[in-house]
Amino acid sequence: MGFMLGNLSVSDIEQRLCIKFNDDDKKFLIENRQHEVNKSPLLAGKWHCFNIPFLLLCDSHKTVEKIYRILQKYEIKGSIQIGSEK
């Protein structure tokens, strides 16, 4: 069984990927970030970003698609994994 460490904020993700989200994208990401992941599953429409591995975990494939549409607008440096619990 693997483990995941970290609780990255939207600003942390921007720094790590060398991007700056526009206001609408940043607002969406901040409003839908689940800070605590002690309980599983994630709440509907929520996401959490781990540092190790660099993984943005979403509650569902629908949320993955929303996050992916946001990220594809930017020229990111490096890579990030996006996955869902369901």
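We did not get these values from a lab; they are worked out from the coordinates using the rules stated. These figures come from a predicted structure and were not determined experimentally.
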Item to complete: Go through Lys46/Lys77; Lys20/Lys86; Lys46/Lys86; Lys27/Lys77; Lys46/Lys66; Lys20/Lys46 and tell me which ones have a Cα-Cα distance over 19 Å in this structure.
Response: Lys46/Lys77; Lys20/Lys86; Lys27/Lys77; Lys20/Lys46
Practice prompt. Could you check what % of the DSSP bridge pairs in the chain are antiparallel, to the nearest 5?
Written response: 55
Practice prompt. State log₁₀ I(q)/I(0) for the range 15-86 at q = 0.13, 0.26 Å⁻¹ as given by the Debye formula over alpha-carbon point scatterers of equal weight, solvent excluded.
Written response: -0.35, -1.40
Discussion item. Quick query: amide H of Ile82 versus all other amide H atoms, modeled in the peptide plane; which residues come in under 5 Å with a sequence gap of 5 or more or a different chain?
Written reply: Leu56
